[in-house]
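One structure is given below, encoded as C-alpha cells.
We did not get these values from a lab; they are worked out from the coordinates using the rules stated. On a predicted model such as this, the values are computed, not experimentally measured, just so you know. No Cβ is skipped: glycine too gets one built from the backbone with ideal geometry, and neighbour counts run over all protein chains shown.
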Number of protein chains: 2
Amino acid sequence: MNDFSFFSPTRIVFGKNALESIGSELGRIGCTKALIVYGGGSARAAGTLDRVEASLDAAGIAHVELGGVRPNPEITLVREGIELARSEKVDVVVPVGGGSVMDTAKAIALGAVYDGDVWDFFVHRAAPTERIPVAAVPTLPASGSEASNSSVISNDAEHLKCGINTDLNRPVAAFMDPELTYTLPPYQTAAGAVDIISHVMERFFSGEPAVPVTDHIACGIIRSVIECAPRALAQPDDYDARANLMWAGTLAHNGLAGCGVNVPSSRDGDWTCHGLEHELSALDTSITHGAGLAVIFPAWMRYVWREHPERFLTFAREVFDIKAVDGSDEAIEDAVTATIDELQEFFVSLGMPRTLGAFDVHEDDIERMIPGLTLNRGEVFGSFKQLTLDDARAIYRSAL
Amino acid sequence: MNDFSFFSPTRIVFGKNALESIGSELGRIGCTKALIVYGGGSARAAGTLDRVEASLDAAGIAHVELGGVRPNPEITLVREGIELARSEKVDVVVPVGGGSVMDTAKAIALGAVYDGDVWDFFVHRAAPTERIPVAAVPTLPASGSEASNSSVISNDAEHLKCGINTDLNRPVAAFMDPELTYTLPPYQTAAGAVDIISHVMERFFSGEPAVPVTDHIACGIIRSVIECAPRALAQPDDYDARANLMWAGTLAHNGLAGCGVNVPSSRDGDWTCHGLEHELSALDTSITHGAGLAVIFPAWMRYVWREHPERFLTFAREVFDIKAVDGSDEAIEDAVTATIDELQEFFVSLGMPRTLGAFDVHEDDIERMIPGLTLNRGEVFGSFKQLTLDDARAIYRSAL
C-alpha cells in the first residue's frame, strides 16, 4: 500500500429534508449572510431556490444572489461574484446546481479574501491561503464537487480552462436531496453516471498496488452505479436509485476511492482520460464531459492494460465477476477484453456514444487537440502507464 | 434509503512516515503545546513516544505527558489529565495508543475547557460545547476511535462505564503508521479484527433498507479484514496486511458504513451486540472486547435474522458468495445459517472463542448481567429487531 493522506471534512446532510436544514446549520457555524450562486432559471423554476431562501430566512441569515453560471464556467462571472461577495460582506457562498455552479462558488470563495485577481490561483501565479466557507446544494450527481478539492474555470479571453486543487476548496457542508434530480434529462443522468464511474477508475487505475479495502470500496461504488443508473433512467422518480447515484457521486471524488493505490506523487489519481476528454470538450464545447469519457475511457483501457494486467483482473472480478480461466496470457487477455467490452456496452446501454464519430470528431481533428493537451498535461503524462503525445494520438485514433 | 448525515473531518496521514509529520501538521493548525497521553511502557519502549516527541521538538511544539491509561480507562486519570492540560496551558492532546488511550484523550480535551466536572458529560448532566483539538497516533487497529465521535470512560467509584457521542470527539488529525502494529500479540490482532468487523455489522444490521453503495462498501470493508487478518497473524510484519487492517478499522467506525441504512433515530447503528458484550466485560474485566463480540455476534445473528432475512441474504452474497438456491423458506434458512457458521468459523480460525464457556461464563452468570444491561440499554433495545431483557437472556443462553 502506498502512503496517503485523506481529508474530507464536508458535513453531509442527505435526504428528503436536507434543504430545510441549511439555515440552521449555517447559523450554527456562525454564518450571517449568504451569496447564493446558480445557473439558469431551472433552480428558480423548480422551486429549489425558494426552499433554500426560506430556510435561510427562517434562520435569520441574509442573502444575495448571482445567477447565470454556464457550463464550462467563466472567470468573468467569478470576478463579478467576488465583487458582490465583498460589497455585500457575505460570509458564506451557497451554490445551488451542478459542478459548474459549485466550481464557480469555490472560486468566488477563494477570490473574495484575496487582494489580487483570482485567476492568479488558476495559473499558479499565487497560492490561496484562506477562503470564506462554501455550503453546497448539488442538483446533479456527476462532478462530486460538493466534497472535492477541485475547481475548474474557463478564461475565454485567454482561451484557457484551468483547475486548482486545494483543501480550501472543500465545502464545509453539502445539503443533498435526491428528489432534486428527478427532473434531470436522461442524457445528463447517463453522462453523470459515467463521470462518477470515471472518477473512481482514474484512481483505481492510477498505480499498481492491490489494496483490498480501497479496491473493494472503489469497485463497490462502481457496482452501485451500474445497478442504479438503469433504474433511474427507467423510472426517473425512483428515490433509492437517485439517492444511491447521488451518494456514489460524492464518494467517487472525495479521495476515498484512491487511498493507498495512488502513487503519492500523483494528483490523487491518473487523470489521463480526463485530460484526453478535456481536449475533446475544448474542440467542441457541446460535448458533455461524461459522454466524452464514455468514449475515451474504454479506448485508454484497451491501450494501457498490459502495463498492470493484475489491476484489470481485480477490476474484472470485482465489478463484473469475470475471471481468467487460467494464468495464460491468452486467458488474461480474454478476461480483460471481455471486461472492457462489458463496461463499454454498459455505457452504450445508458445512451452514451461508442465512438468519437458520434460527436462528428474525425481523424483530421486529432492534431487539433494535441496543442491543448501539451499545454495542460505536458509531453509525458499518466501514472498507471506513462504516455507520450504519440500515445495520445493512438488512443484518439482507436476511438474514431 | 434512510436520511442520514455524515461528518468525518479527521485529517488522515497514513504510511511509513506518518509520525514524522505530526509536528509540522500541528504547527500548521496553530498548536503550540501538546499533552501526550499513553498507556503502559510499551509506547516508550518501542520508541514511538520518542518519535512523536522528536517531531514535535523539530516543529517547536512544547509537550508534557501523562502515562498510565489502563484498559477500560478510568475517570480519575482523565481528571488528572484535565488538571495538567489546564496548568500547562496545552492546546492539543496527542494520544499514542489504542482505544482506551484515545478515549481518555478525548475526555481530557472536553474537560479542559469545561468549568464543571467532566463526568457530567458522561451521565448527561451537561452537554459539551467546545474542546481543545485531539490529534491521535493509533497503535492498535480495533476501536476506530481515531476518527469516531465516541469516548467511553469507566467510573470505578460509581461502578459505571459510560460513553458520550459527539462530533466534538472527532480528532482533527490521525497519524497512522501500520508498522507500529507489527508487535501486537496475535490475540489482540485477532480481537481487533473482530471489533472492526463488528463495527461494520452493527451498522449493516441496523435497519432494513438495501442501500447498494453503502452495502457494497460495508461488505467490502469486512471482506478486506477477512482477507488480511489471517495474513497479519501468519506474518506479523506483512506491511500490506497490517495497513489494510488499520485503514479498515478507521473506515469501519467513522460513520461511512451505515449511511442510509441506519434508522435516523438510532445511534448510528443497532449496537445491541456491543451492549451485550459490554456486560460480559463488566462481569469479567479480563475479557477482551473483540473476543467477547466473537461469541456474542453470531449468537445474536442466529436469534434475529428472521426479522429481515433479505439483509442477511445480501450479507451472505457479498461477504461469502453464499446464495440461497431458491426463494423457499428452507433455502433461505440454509443460506443464512451457512453464512453465520462461516463467519463464526472465521472468528474461531483467528483464535477467538466460540462460546461463553471459554470465558468460564455459565448459566448462573446470566442474571448477573441483566441489571447492568437494564441500566445501560433499558428494557427494550435494538433497531434491527427490538429486543427485551428476556431476548437478551435467550441470546446469552444460546452462546453458553
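Rank these for me by crowding, B:Met1, B:Met102, going from fewest to most other beta carbons within 10 Å.
B:Met1, B:Met102
Need one value for A:247-256: mean number of C-beta atoms belonging to other chains within 10 Å of its residues' C-beta atoms.
Other-chain Cβ atoms within 10 Å of each residue's Cβ, averaged: 3.
Counting helices only, and only those DSSP H runs with n ≥ 4, report the 222 nm mean residue ellipticity of chain B as the sum of -39,500 (n - 2.57) divided by its residues, in deg cm²/dmol to the nearest 500.
-15000 deg cm²/dmol
Let's see if you can work this out: charge +1 on each Lys and Arg Cβ, -1 on each Asp and Glu Cβ, no other charges. What is the dipole magnitude of chain B about its Cα centre, in debye to the nearest 20?
Roughly 860 debye, rounded to the nearest 20.
At 7 angstrom along the Cα-to-beta-carbon line, where would the label on B:Ser42 sit relative to the other copies? Give the distances in nm, shortest first.
Output for B:Ser42: 5.7 nm, nearest copy listed first.
Within region A:283-317, list the residues whose amide N lies under 15 Å from a label point set 7 Å along Cα→Cβ of A:Thr355.
Correct set: A:295-296, A:299.
Taking one equal scatterer on every alpha-carbon of region A:99-231, how large is log10 of I(q)/I(0) by Debye at q = 0.10, 0.12 1/Å?
-0.40, -0.58
Which Cα, out of A:Met102, A:Cys259, A:Pro186, lies furthest along the positive dipole direction of chain A (beta carbon charges, K/R +1, D/E -1)?
In chain A, that residue is A:Met102.
So what is the relative contact order for region B:144-283, in percent, with contacts set as C-alpha pairs under 8 Å and at least six apart?
Rounded, it is 31 percent for region B:144-283.
Report, to one decimal in Å, the Kirkwood hydrodynamic radius for the protein assembly as shown based on all distinct Cα pairs.
Result for the protein assembly as shown stands at 27.5 Å.
Among A:Thr214, A:Thr48, rank each residue by its count of other Cβ atoms within 10 Å, from fewest to most, as a rough exposure measure. Can you show the working numbers first?
Working: A:Thr214 27, A:Thr48 20.
Neighbour counts put them in this order, fewest first: A:Thr48, A:Thr214.
Rounding to the nearest 20 debye, state how big the charge dipole of region A:60-211 is about its Cα centre with +1 on each Lys and Arg Cβ and -1 on each Asp and Glu Cβ.
Using only the charged Cβ atoms, the result is roughly 100 debye.
Label 7 Å along Cα→Cβ of A:Asp364; region A:374-400 residues with amide nitrogen under 18 Å?
Within reach of a label on A:Asp364, which here means backbone N under 18 Å from a point 7 Å along Cα→Cβ, region A:374-400 contributes A:397, A:400.
Along the charge dipole of chain A, pointing to its positive end and built from +1/-1 on Cβ of Lys, Arg, Asp and Glu, which listed residue (A:Ile75, A:Tyr303, A:Val348) has its Cα farthest out?
A:Ile75
Under a no-solvent Debye model with one identical scatterer per Cα of region B:11-180, what's log10 I(q)/I(0) at q = 0.13, 0.16 Å⁻¹?
-0.54, -0.83
Just from the alpha-carbon atoms, what are the Rg and Dmax of chain B in angstroms?
20.7, 68
Under the convention of a label 7 Å out along Cα→Cβ, give the distances in nm from B:Arg397 to the same position in every other copy, shortest first.
B:Arg397 label point versus its equivalents elsewhere: 7.8 nm.
Which peptide among B:354-367, B:86-99, B:153-166 comes first, and what is the full order, when sorted by highest mean count of other Cβ atoms within 10 Å?
The densest-packed peptide leads the list: B:86-99, B:153-166, B:354-367.
Between A:Ala338 and A:Leu375, how many nm apart are label points set 7 Å from Cα along the C-beta direction?
Using points 7 Å along Cα→Cβ, the separation is 4.5 nm.
Please compute the contact order of region B:186-398 in relative form: average sequence separation of alpha-carbon pairs under 8 Å and at least six residues apart, divided by the residue count, as a percent.
The value is 26 percent.
What is the distance in Å between the Cα centres of region B:335-390 and region A:357-394?
60 Å
Express the relative contact order of chain B as a whole percentage, based on alpha carbon pairs under 8 Å and six or more residues apart in sequence. Please report the intermediate quantities before stating the final value.
On the way: 746 pairs, mean separation 61.3, N = 400.
Dividing the mean separation by the residue count of chain B yields 15 percent.
With 10 angstrom as the radius, rank B:Asp284, A:Asp268, B:Asp238 by how many other C-beta atoms surround their C-beta, starting from the fewest.
Working: B:Asp284 12, A:Asp268 23, B:Asp238 17.
The order, fewest Cβ neighbours first, is B:Asp284, B:Asp238, A:Asp268.
So if R0 is 30 Å, what FRET efficiency would B:Thr166 and B:Ala58 give, r being the distance between their Cβ atoms, rounded to the nearest 0.05?
0.35
Suppose R0 equals 51 Å; then what is the FRET efficiency for A:Asp117 and B:Glu310 from their Cβ-Cβ distance, rounded to the nearest 0.05?
The pair A:Asp117/B:Glu310 has a calculated efficiency of 0.35.
For region A:128-203, with only Lys/Arg (+1) and Asp/Glu (-1) charged at the beta-carbon, what is the dipole magnitude about the Cα centre, in debye rounded to 20? Could you put the intermediate results ahead of the total?
Values: 4 positive and 9 negative charges, 23 e Å.
Charge dipole of region A:128-203: 120 debye, to the nearest 20.
Simple spin-label model, 7 Å along Cα-to-Cβ: A:Val348 to B:Gln235 in nm?
The two pseudo-label positions are separated by 4.3 nm.
Report the extension gain between A:Ala157 and A:Ser265 in nm, rounded to one decimal, defined as 0.36 nm multiplied by the number of residues separating them, less their alpha carbon distance.
On the way: separation 108, 0.36 × 108 = 38.88 nm, distance 3.23 nm.
Here the segment from A:Ala157 to A:Ser265 would lengthen by 35.6 nm.
Looking only at other chains, what is the average number of their beta-carbon atoms within 10 angstrom of each beta-carbon in B:6-18?
6
Across peptide A:220-226, what mean number of C-beta atoms from other chains lies inside 10 Å of a residue's C-beta?
Mean shielding count: 5.
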